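Q: Sharing a structure, written as structure tokens. Questions coming.
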Amino acid sequence: GGRTAGGGAKRFAGAGSNIWISDLTTDEEYVFAPRSPSGPAVFGGGVPGAALGVPWMAGIPGTVGGWVKMNAGAFGHSISEIVARVKVGGRWLENGECGFGYRSSAIDGLIEEVQFDLSDCAGNPKEFLARRPSFPPRCCGSVFKNPPEGGAGKLLESVGAKGMSIGGAYVWNGHANVIAVRDGATSSDVLALAQLLRERVFLRLGVALEYEIAGLGERP
């Protein structure tokens with residue numbers, strides 16, 4: 001769950017997927033979606049893409065609001081392809097007003113409702129789910145965005161990232177762009193390992209990786 005120290009601003013964190021929260025003192029309160037959500041807060045797990053009619057989103061965790069705000073996707077697709085408009089602060093934003101980019105958007109505020117255009121969503125969600133790797137428990141999925149130079153996982157693997165660890169955080173041997181944690185790990189362990197990986201890729205390959213996990217690029 002979220003934590004508060006000092007009663008600062010609220011951050012709506014959806015299901016908590018793909019987000020890093022500092023274990024140091026913070027004046028922000030993190031608010032998570034309820035376990036019995038309504039409206040756009042549709043949880044992942046299983047085949048959520050099938051429930052939406054979006055086969056290539058099958059198996060991606062999180063909430064619809066989180067998917068849209070971070071422009072989630074897989075297999076060469078992004079959810080912005082099927083977003084018609086988004087309601088934020090009582091105002092509807094058309095797709096072109098959302099500032100969608102690779103795993104990002106310019107949407108500022110709490111997403112209240114999303115309307116999709118599902119006219120071009122062919123495919124079998126079970127087939128996409130079968131192609132998705134089974135990530136280890138207690139991980140945030142992909143740590144870095146894929147840069148123009150190639151897949152982040154392949155770049156990280158080429159510099160020996162697999163098996164690296166700091167404290168209770170370690171790089172998963174199944175994919176070099178995934179950090180998982182053991183018992184006793186702290187958020188700071190994850191941050192330190194992510195920074196070490198980013199530095200190694202930059203020093204050896206000259207590629208500046210960008211964080212995909214929200215919060216990792218921010219100062220605690």
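Q: Test of understanding: among Gly76, Gly62, which residue is over 13 Å from Gln115 (Cβ atoms), modelled with pLDDT under 80 and either of a type outside the set (Lys, Arg) or surrounded by fewer than 23 Cβ atoms within 10 Å (Cβ to Cβ) (or both)? Before the answer, list the steps.
A: Details: Gly76 fails: modelled with pLDDT under 80.
One residue alone meets the criteria, Gly62.
Q: Being open to solvent by 50 Å² or more (accessible area, probe 1.4 Å), of a type in the set (Lys, Arg) and modelled with pLDDT of 90 or more is true for just one of Lys126, Lys154. Which residue is that? Quick ask: steps written out before the conclusion?
A: Numbers: Lys126 fails: modelled with pLDDT of 90 or more.
From the options Lys126, Lys154, the qualifying one is Lys154.
Q: Looking at Asn177, Asn173, which one is free of Cβ contacts under 8 Å to residues at least 12 places away in the same chain, at negative phi and within 22 Å of the chain's Cα centre (by Cα)? Please lay out each step first, then the result.
A: Numbers: Asn177 fails: free of Cβ contacts under 8 Å to residues at least 12 places away in the same chain.
The unique qualifying residue is Asn173.
Q: In segment 98-107, what residues are at negative phi, assigned to a loop (DSSP other than H, G, I, E, B), within 15 Å of the chain's Cα centre (by Cα) and not aromatic (Phe, Trp, Tyr)?
A: Correct list: Ser105 only.
Q: If you take the residues in segment 174-185 that are in contact with a Leu (Cβ under 8 Å, 6 or more places away or on another chain) and part of a loop (DSSP other than H, G, I, E, B), which one is surrounded by the fewest Cβ atoms within 10 Å (Cβ to Cβ)?
A: In the first step, residues of segment 174-185 are kept if they are in contact with a Leu (Cβ under 8 Å, 6 or more places away or on another chain); the result is 176-177, 179.
Pick out the ones that are also part of a loop (DSSP other than H, G, I, E, B) and you get 176-177.
Values: Ala176: 25, Asn177: 23.
Per the criteria, the residue is Asn177.
Q: To continue, here is another question. Counting only residues that are in contact with a strand residue (DSSP E or B) (Cβ under 6 Å, 6 or more places away or on another chain) and surrounded by fewer than 20 Cβ atoms within 10 Å (Cβ to Cβ), how many does segment 186-210 have? Write out each step before concluding.
A: Step one: of segment 186-210, the residues in contact with a strand residue (DSSP E or B) (Cβ under 6 Å, 6 or more places away or on another chain) are 189-190, 192-193, 209.
Cutting the leftovers down to surrounded by fewer than 20 Cβ atoms within 10 Å (Cβ to Cβ) gives us 192.
The qualifying residues number 1.
Q: Within segment 108-141, how many residues are over 18 Å from Met57 (Cβ atoms) and outside any strand (DSSP E or B)?
A: 6
The values are calculated or read from the model by the stated rules, or taken from the named source; none is laboratory data. Keep in mind that what you see is a predicted model, and the values were worked out from it rather than measured. A quick note on method: Cβ atoms are made from the backbone with ideal geometry, for glycine too, and the neighbour counts reach across all protein chains shown. Protein only, heavy atoms only, side chains kept; ligands, DNA and RNA dropped before computing areas. Shrake-Rupley method; radii C 1.70, N 1.55, O 1.52, S 1.80 Å.
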